Amino acid sequence: MSRCAVHAITWNDRQAYSLSNAKVELTALLGGGHVADFRLCGSPINVLWESSWPTIEPQMFSSLAHAALYGDGPVGRFLCGYTGHALSLGYFGMPSAEEARQGLALHGEAANSEWKIVSSVADDDSATLVMEVTLPVYRLHFRREISLSRDSFTACITEIVTNLSGDPVEFQWVQHAAFGEPFFANGEATLFLSGRHGLTWPSGYEGHELLAGDVEFQWPYAQSIDGKPVNLSQPFVRDGTGFVAGLLANSDRENAFVAVHNRRHQLVAGYCFSPMLFPWIVLWEENRAREYAPWNKRTRVRGVEFGTSPMPLGLAHAREMRRLFDTPVLTSITGRSCLQAQYDLFLHPVPPQWTQIKDVRQTEHTLVVQGDGDEEIKLQRGKRHR
């Protein structure tokens, strides 16, 4: 029997596919294309955030039937199906008024559409799942390949955006990833990343903001609403609050990273990606602040997102802003052409004496995770898309 496997499953009443390789297991949903689950084989701990409310297939959302459970309009249409790692493609944030009238949701068409399976193949060496979705309004086609090599602790993800029109398209492309409890827990876990210069969200947090708005900061400390420094590497420090902030990934290195280290469970998990295509890291935290459905003042989630844009303020705002810290806040694609991205999602046990993650760097065949002192863990990277 092959040590690698990929097959259709049901995950929390959702249609999904599971990939495994005897080291890690990954689950991807057909509704919205979310990466919903990533864990060590046999472990009870999903390192990605699991929605605190029962989700449905997003393409099944109806305001009449579901608004009371998830909220109405574009927001409810997104939250009804969201969990784990979503894709924001086209725009990052709310749709325009015209797009909302067309039924488009928060964070774009891809996260709220039914994806199709192109192929699912497993053998002794790897398990690979290829999914796709078409965005009819933005006239973009999106293809994602997820591959687990035998005995690897790293999921290799290749994404291709194709412009189906003959005209150039400006758009936003953000990996809306999120971590949650029990993995990302207050007092047990710390966030490490390759960024320094940041800016806080200018629009508050519905009266429950943790951070002062529209203020520049140097990672990891930002200014709180009461003027005191807050260490953003620590999750959920003040109940009843939330925040959004954008960070510029360090551009003086070949790869950028975000990594969560849980000391109690002795695990590290995160992403490694190119800062050339994805120059921004976006932090979002909901810490039991929102009282209305589906949050119900019981949700703790930390978004650790990365992509072409620093803030979920929508495409019109990005077009007007153009640049922040002398870096573009959106991207573009010429007619009938493609853009490709590759990044790694990783998870691995770490020594009990580790207190920090100093670096995560890519070589051709490995991810090197550096902890305290000169201690390193080398993770095999899987085969890449060609």
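GLN102 meets the conditions (1) on the phi < 0 side of the Ramachandran plot; (2) crowded, with 16+ Cβ neighbours inside 10 Å; (3) in contact with a Pro (Cβ under 9 Å, 6 or more places away or on another chain); (4) not acidic (Asp, Glu) in every case but one. The failed one is (2).
Taking the range 215-322 as the region of interest, the strands (runs of 3 or more DSSP E) fully inside it that hold 3 or more residues being charged (D, E, K, R) and modelled with pLDDT of 95 or more are 300-307.
Give me a count of the residues in the range 217-232 that are polar (S, T, N, Q) and surrounded by fewer than 16 Cβ atoms within 10 Å (Cβ to Cβ).
If we filter the range 217-232 for residues that are polar (S, T, N, Q), which is where we start, we get 218, 223-224, 231.
Next, only the ones that are surrounded by fewer than 16 Cβ atoms within 10 Å (Cβ to Cβ) stay: 218, 231.
Residues flagged as polar (S, T, N, Q) and surrounded by fewer than 16 Cβ atoms within 10 Å (Cβ to Cβ) within the range 217-232 amount to 2.
Within the range 13-35, can one find any residue that is out of contact with any helix residue (DSSP H, G or I) (no Cβ under 9 Å at 6 or more places or on another chain), closer than 14 Å to THR83 by Cβ and open to solvent by 40 Å² or more (accessible area, probe 1.4 Å)? Scanning the range 13-35, I find at least one residue that is out of contact with any helix residue (DSSP H, G or I) (no Cβ under 9 Å at 6 or more places or on another chain), closer than 14 Å to THR83 by Cβ and open to solvent by 40 Å² or more (accessible area, probe 1.4 Å), so the answer is yes.
Taking the conditions (1) within 30 Å of ALA65 (Cβ to Cβ); (2) in contact with a strand residue (DSSP E or B) (Cβ under 8 Å, 6 or more places away or on another chain) in turn, PRO294 satisfies each one other than (2). Out of the residues in the range 117-143 that are in contact with a Ser or Thr (Cβ under 6 Å, 6 or more places away or on another chain) and over 17 Å from LEU19 (Cα atoms), which is most open to solvent (accessible area, probe 1.4 Å)? Checked the range 117-143; the qualifying residue most open to solvent (accessible area, probe 1.4 Å) is ARG139. Of everything in the range 1-11 that is in contact with a Ser or Thr (Cβ under 7 Å, 6 or more places away or on another chain) and free of Cβ contacts under 8 Å to residues at least 60 places away in the same chain, the residue that is most open to solvent (accessible area, probe 1.4 Å) is ILE9.
Using the structure shown, decide if CYS41 is without any contact (Cβ under 8 Å) to a residue 24 or more places away in the chain and over 22 Å from THR299 (Cβ atoms). Criteria met by CYS41.
Table: residues versus (1) more than 20 Å from ASN186 (Cα to Cα); (2) touching a Ser or Thr at 6+ places or on another chain (Cβ under 9 Å).
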site: PRO279; (1), (2): yes, yes
site: LEU315; (1), (2): yes, yes
site: GLN356; (1), (2): no, yes
site: ASP359; (1), (2): yes, yes
site: GLU376; (1), (2): yes, no
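If you check THR10, THR55, THR83 for being in a loop (DSSP other than H, G, I, E, B) and over 27 Å from TRP280 (Cα atoms), only one passes: THR55. Among what's in the range 156-175 and is farther than 15 Å from LEU87 by Cβ and hydrophobic (A, V, I, L, M, F, W, C), pick the residue that is least open to solvent (accessible area, probe 1.4 Å). Checked the range 156-175; the qualifying residue least open to solvent (accessible area, probe 1.4 Å) is CYS156. Within the range 176-214, how many residues turn out to be surrounded by fewer than 18 Cβ atoms within 10 Å (Cβ to Cβ) and part of a strand (DSSP E or B)? Of the residues in that region, 2 qualify.
Each row is one residue, and each column tells you yes or no for (1) of a type in the set (A, V, I, L, M); (2) under 25 Å from ALA245 (Cα atoms); (3) in contact with a strand residue (DSSP E or B) (Cβ under 6 Å, 6 or more places away or on another chain); (4) open to solvent by less than 20 Å² (accessible area, probe 1.4 Å).
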position	(1), (2), (3), (4)
LEU48	yes, yes, yes, yes
ASP72	no, no, no, no
GLY84	no, yes, yes, yes
MET94	yes, yes, no, no
HIS107	no, yes, yes, yes
SER113	no, no, yes, no
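Suppose the filter is of a type in the set (Val, Ile, Thr) and modelled with pLDDT of 95 or more; does THR363 pass it? So THR363 does not fit the description; no.
The values are calculated or read from the model by the stated rules, or taken from the named source; none is laboratory data. Fair warning: this is a prediction, and the values are worked out from it, not measured in the lab. As a convention, Cβ positions derive from the backbone with ideal geometry for all residues, glycine included, and neighbour counts pool all protein chains shown. These area figures cover heavy atoms from the full protein model, side chains too; ligands, DNA and RNA do not enter into them. Shrake-Rupley method; radii C 1.70, N 1.55, O 1.52, S 1.80 Å.
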